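Undergrad: Have a look at the structure that comes next, please.
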Amino acid sequence: MKRSLNRRTLLRGMLAGSAVAVGLPTLELFLNGNGDALASGGGFPQRFGWWFWGNGVHGDLWVPEGTGEQWKLSPELLPLESVKDDITVVSGLKVYTPNEVPHGTGPAGILTGGRLGVAGGDFDNSTFGAASLDQLIANEIGSATRYRSIEVAVQRSNDSLSFTGPGQSNPPEYSPKALFSRIFGAGFVAPGEDPIIDPKLALRRSVLDAVGEDAKQLKKQLGASDRQRIDQHFASVRTLERQIAKLEEDPPNLASCQRPEAPLDDYPDIEGRPQLSEVSRVMSDLLALAMACDLTRVFSFQFSRPVSNLLFPGASAGHHQLTHDELGDQPQVQAIVRQIVSEFAYFVEALRKIPEGDETLLDHSVTLGFTDCSFGKSHAVDEYPLLLAGSACGALRRGYHYRSPAAENASKLGFTLLRTMGVATTEFGSDEGYVTEGLDDIEA
Amino acid sequence: MKLRHATAAALATIAVACTGVIPEPDQQPPEPQLSPAPATLKRLTRTQYANAIYDLISPDIAVPIALEPDVETDGLKAIGAGTATVSNRGAEQYERAAYDIAEQTVSSKPLRDGVVPCNPTSTDDAECLKRFVEDFGARAWRRPLTQDEVQRYVTVGVQAATELDSFDGGVEFALAGLLQSPHFLFRVEVGKPDAGKPGLRKYSAFELASRLSFFLWNTIPDDALRKAAESGEISTASGLAKQTDRLLASPRARAAVRNLFTELYGLHKLDDLVKDGEIFRSMSADLGGFAREQTLLTLEDLIFEQRGDFRELFTSRRTFVNRKLASLYGIPAPKLEGFADTELPKNSARVGLLGHASVLALHAHPVSTSATLRGKFVRTVLLCGDIPPPPANVDTSLPEPSGARPTLRDRITEHLTNPSCSNCHNTMDPIGLGLENFDGIGQYRVRENGERIDASGDLDGTPFRNAKELGEAIASHPNLSQCVARNVFRYANGRVETLVERATIKALAAEFEYSDFDLVTLLRAVALNDSFRYAAQETP
């Protein structure tokens, strides 16, 4: 704590005595002393997340014309116009695990490279059999920040596609107010604010030590599957202890970090229709700032859940019902996909609005955009719709259309993302989804 | 059913499953054998967490609602609790809730005095803290704590009392710790090897008391139950029966049975009804909650007040409505605010559970009805049939309403004639079509797009002309008693039955039938069944 006080005293003196404009680059320099925020070779840290929506796309209208750097936005991708140069479209990959559980096989294939864990018949009974990409990456980079990872959703649902291990899901925060108070409430210190070190933090850690000890002792009495569950409880308790320890340390003091305005208490449905765009944008801005403040480097963003039957503005029926019942070219489904893609574009822009040095948060991150099947009507999992935004600090190409020459295994993308994010693995996935190589062509 | 291993033979099994009949075990033993599944830890549901806090401290505590969400598996949270873990956010939420509750407790003198059994002689009176940890801990964890465990939380308490210079500060942190422990958050009921029964583990007296309490009261054991565990009385057949009868006779059993049916019929989902307000002009944000209350009051009345025949749930005109529901149903409103019992008119098309807005609105689309969703509810939840998911890569669309196809029955023909669909849809859609006289929120209608609705059909050989006769067909369906018995068994034990236990369920169903479908008798029989007292050794 001594170091902290000295540094803060120094900062306060500087800010009092000189113009604020001088302060910003200097503030960033101080991070070197902190060690972790600028850990990756003096640059900004890499961030990873995924952005998911339910019910697929309309395949014929998704895949862009042209490949490589010469490609045109397809009708369903048109809302990405403003961010086209920051996006890579990956098309033609296929999930090879058997498509047994509509809307479940696809996400498990993309995020775990494997089959669903327990396939109890329908989606409601299914779970992942392995950790999802975000959590594999959080294992690598999650301990540097206060939050190992942050899961958010726009549709009100506790269903999650983020899994720490088999059957161990991370339910998302779907209330903007709850997300705000969790991240920017008690304990958050904005740059320039005096940190308030709560004397109870050390006591809370002692309590968690006792709880952790209970878990350790309890494990000895249990069978294998229960041991795994108590291990998860223990790991969560340890993560919480680390979180509290972070509160006792200097907060990262990044130039773009600021305390956001509090969102509304509630975003009620209007005539049975949720305020999807409003909530999605508030969540996007909060998540972008959480990363600007280096409170987390890993996220998942679930716009809608698999099989979502949300009523979109202007639609004559729920989304899932329309994907199956609407005839012909499904103009309503197309309109819904375009609405979703435009919210994805908003998210990408929210990251791009955060300056980090000469670049932006978007440059220092990669977001995987994906859905639960390719063509919603048939639940197909070939020709998988996949998007990448950002280059993860220059590691990945942008403004690119990667067209798979021969329906490559979709796990190859997960492999590349793991490697890009510093996970030193030589394989990804299992069963039909097992791969030992990535998509070299999307690397910069 | 794990389709991943589907072979031709397995597919044949699926086809059988689609008949909706509970498959028979290959060999049926003459007497139901005891062959339970291994025990698994159950994470407290949100409801159980709140109930436990009310009982431990006071119903005046405002229990935080942001807690790790429940997991639902095989249609029940009681089963999902056996797979649930604690995520990172979950640990945060449990921590925040624990401190919130601890602070409410110590900042109110009556509540604080209610949990601290002694007068501290000093700020860091370790002896008094020890008595608190032993006493509160044994209630919260549903068993006496070991010496190590007591010491662990006394140490925490003394440290806090010293640093905060307050004995109650010590209580606050020790209490918050006890509530975050896996021994509070999980029901640790794992049993011990039983010398007389090789391969089995017998639940300890405290574990059995906890199981019984969560099953019949959905909360932690009360003083009398703890005493019966301390004395070992509960481990005897007569002791268990005595406690079972005591719990069932209490009004608290009603709340637990409401919880059972809330889980089973998915009534908690009524809080998130998505209905297009332009199409359903009677839709309002409170409709879902009211509809749930109707169903739960009707069940509570039938099961406990009337001690009636459970089959009447599907045929009775007796129900409970408030003004909103009375207006939706087009019947006279109660004179006073709130719910009142009512007798639907003699010629009412709406009778029984399948006339409740709860079931009708839940199993429908946001803009329309769904014969498939309603039929699936009847087939899988009420009659326990298995239905596999639709195959991938099939065209699932229904034609738009048109002059030639004005009603859902006309449009759904494809499901019922195309062989790749009809095998399963025939077990669902014809049932759902019997409910077409009720729209997507349960309002009665005679016509759809100008055409008179034909709600006739056939349930496994019993023809019906309308929803009322469909209800009668369900009430007299041969699967009904076994299905109710299976569901109660699964809820009580928090797991799916083993193959051998299907015979146990048959026996329970026979007892249920013999009692003229008295659900209290069934609850009692499930609690007294050996499957409730034993678990299998886990196979390595």
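All of the numbers you see were taken from the coordinates with simple rules; none came from a lab. The model shown is predicted, which means the values in this text are computed figures rather than measured ones. Here Cβ is always computed from backbone atoms with ideal geometry, including for glycine, and neighbour counts include all displayed protein chains.
Undergrad: In the neighborhood of B:Val378, defined by Cβ-to-Cβ distances under 12 Å, what is the net charge if each Lys or Arg adds +1 and each Asp or Glu adds -1?
TA: Details: positive: B:Arg374, B:Lys376, B:Arg379; negative: B:Asp429, B:Asp460.
Taking every other residue near B:Val378 into account, the sum is +1.
Undergrad: Next question, about the same structure. Per residue of A:213-222, how many C-beta atoms from partner chains lie within 10 Å of its own C-beta, taken as a mean? Kindly include the intermediate steps, with their values, before the conclusion.
TA: Values: counts 4, 12, 5, 1, 6, 7, 1, 0, 4, 7.
Per-residue shielding by partner chains comes out at 5.
Undergrad: Provide B:Val446, B:Val106 in ascending order of the number of other Cβ atoms located within 10 Å of each residue's Cβ, fewest first. Kindly include the intermediate steps, with their values, before the conclusion.
TA: On the way: B:Val446 9, B:Val106 20.
Fewest to most other Cβ atoms nearby, the residues stand as B:Val446, B:Val106.
Undergrad: Among the aspartates and glutamates, select those whose C-alpha is under 14 Å from the C-alpha of B:Lys109, and discard any that sit fewer than 8 residues away in the same chain.
TA: Cα-Cα hits under 14 Å: B:Asp60, B:Asp168, B:Glu172.
Undergrad: Between rounded, prolate and oblate, where does segment A:137-216 land on the alpha carbon gyration tensor, with a ≥ b ≥ c its root eigenvalues, rounded for a/c under 1.5, else prolate if a/b exceeds b/c? Mind showing how you got there, number by number?
TA: Values: a/c = 1.86, a/b = 1.17, b/c = 1.59.
Cα axes put segment A:137-216 in the oblate bin.
Undergrad: At 20 °C and 1.002 mPa s, grab the translational diffusion coefficient of chain B from Stokes-Einstein with a Kirkwood Rh over Cα pairs, rounded to a whole number in µm² per second.
TA: Values: Rh = 25.5 Å.
Using the Kirkwood radius from Cα pairs, D works out to 84 µm²/s.
Undergrad: May I ask you to sort B:Arg465, B:Arg139, A:Arg403, B:Arg43 by Cβ crowding, counting other Cβ atoms within 10 Å and putting the fewest first?
TA: The order, fewest Cβ neighbours first, is B:Arg465, A:Arg403, B:Arg139, B:Arg43.
Undergrad: Further, regarding this structure: What does the highest-first list of A:152-165, B:47-60 look like by mean Cβ count within 10 Å?
TA: So the peptides A:152-165, B:47-60, ranked by packing, come out A:152-165, B:47-60.
Undergrad: Now a separate question. Compute the FRET efficiency between B:Lys269 and A:Lys220 as 1/(1 + (r/R0)^6), taking r as their Cβ-Cβ distance and R0 = 41 Å, and round to the nearest 0.05.
TA: 0.60
Undergrad: Using amide H atoms built in the peptide plane, which far-off residues or other-chain residues are under 5 Å from A:Gln302 H to H?
TA: For A:Gln302, the qualifying residues are A:Phe52, A:Val152, A:Ala153, A:Val154.
Undergrad: Roughly how many debye, to the nearest 20, is the charge dipole of chain B about its Cα centre, given +1 on each Lys and Arg Cβ, -1 on each Asp and Glu Cβ, and no other charges?
TA: The calculated dipole for chain B is roughly 860 debye.
Undergrad: For the pair A:Arg403 and A:Ala202, how long in nm is the line joining their label points, each one 7 Å along Cα→Cβ?
TA: 6.5 nm
Undergrad: Please compute the average number of Cβ atoms from other chains found within 10 Å of each residue's Cβ in peptide B:62-68.
TA: Per-residue shielding by partner chains comes out at 1.
Undergrad: Quick check: net charge around B:Ala509, other residues with Cβ under 11 Å of its Cβ, Lys/Arg +1 and Asp/Glu -1?
TA: +1
Undergrad: If the chain between B:Asp194 and B:Asp530 were fully stretched, how many nm would it gain, using 0.36 nm times the residue separation less the Cα-Cα distance?
TA: Roughly 119.7 nm would be gained on extension.
Undergrad: Let me ask something else about it. Under a point spin-label approximation (7 Å from Cα along Cα-to-Cβ), what is the A:Arg259-B:Tyr54 distance to one decimal in nm?
TA: So the label points at A:Arg259 and B:Tyr54 sit 3.7 nm apart.
Undergrad: Ok, one more. Checking the table A:Lys377/B:Lys42; B:Lys192/B:Lys242; A:Lys246/B:Lys77 against a 30 Å threshold on Cα-Cα, which pairs fail?
TA: A:Lys377/B:Lys42; A:Lys246/B:Lys77
Undergrad: Evaluated at 4 °C with a viscosity of 1.567 mPa s, what Stokes-Einstein diffusion coefficient in µm²/s does segment B:473-530 have when Rh comes from the Kirkwood expression over alpha-carbon pairs?
TA: The estimated diffusion coefficient comes to 115 µm²/s.
Undergrad: With label points built 7 Å along Cα→Cβ from the Cα atoms of B:Ser284 and A:Glu248, find their separation and express it in nm.
TA: 5.4 nm
Undergrad: What number does segment B:400-501 give for Rg over Rh if you use C-alpha atoms and the Kirkwood radius?
TA: Looking at segment B:400-501, the ratio lands at 1.08.
Undergrad: Taking each residue in B:363-369, count the Cβ atoms of any other chain within 10 Å of its Cβ, then average. What number comes out?
TA: Per residue, the number of nearby Cβ atoms from other chains is 5 on average.
Undergrad: Right, next: Given +1 on the Cβ of Lys and Arg, -1 on the Cβ of Asp and Glu, and no further charges, what dipole in debye does the protein assembly as shown carry about its Cα centre, rounded to the nearest 20?
TA: 1480 debye
Undergrad: Ok, one more. Which residues make up the longest stretch of chain A that has no GluC sites (Glu not before Pro) in a DSSP loop with at most 13 other Cβ atoms within 10 Å?
TA: Details: sites that count: A:Glu69, A:Glu193, A:Glu261, A:Glu271, A:Glu427.
Formally, the longest exposed-site-free interval is A:272-426.
Undergrad: Principal axes first, then extents: for the Cα atoms of segment B:45-187, list largest minus smallest coordinate on each axis, whole Å, largest first.
TA: Taking the Cα atoms of segment B:45-187, the three principal extents are 53, 30, 25 Å.
Undergrad: Just add up the charged neighbours of B:Gly277: K/R +1, D/E -1, any other residue whose Cβ is under 12 Å from the Cβ of B:Gly277.
TA: -1
Undergrad: Right, something else. When a footprinting reagent is the concern and you count Cβ atoms within 10 Å, what order do A:Thr425, A:Thr416 take, fewest first?
TA: Going from sparsest to densest Cβ surroundings: A:Thr425, A:Thr416.
Undergrad: In addition: Using a Förster distance of 45 Å, how high is the FRET efficiency between B:Arg246 and B:Lys346, based on the Cβ-Cβ distance and rounded to 0.05?
TA: Values: r = 41 Å, r/R0 = 0.91.
Using R0 = 45 Å, I get an efficiency of 0.65.
Undergrad: While we're on this one: Kindly provide the helix-only [θ] at 222 nm of the protein assembly as shown, computed as the sum of -39,500 (n - 2.57) over DSSP H runs of four or more divided by all residues, to the nearest 500 deg cm²/dmol?
TA: Taken over the protein assembly as shown, the calculation gives -12500 deg cm²/dmol.
Undergrad: Just want to confirm a number: the relative contact order over segment A:196-249, from Cα pairs under 8 angstrom separated by 6+ residues, in percent. Working shown, then result.
TA: Numbers: 25 pairs, mean separation 25.8, N = 54.
Across segment A:196-249, relative contact order equals 48 percent.
Undergrad: Something else now. Report Rg(Cα)/(2.2 N^0.38 Å) for the protein assembly as shown, keeping two decimals.
TA: The reported ratio for this selection is 0.97.
Undergrad: Please state, to two decimals, what the Cα-based radius of gyration of segment A:196-249 comes to when divided by 2.2 N^0.38 Å (N = residues). Each step should come with its number before you reach the end.
TA: Numbers: Rg = 13.0 Å, N = 54, 2.2 N^0.38 = 10.0 Å.
Scaled against compact globular proteins, the figure is 1.30.
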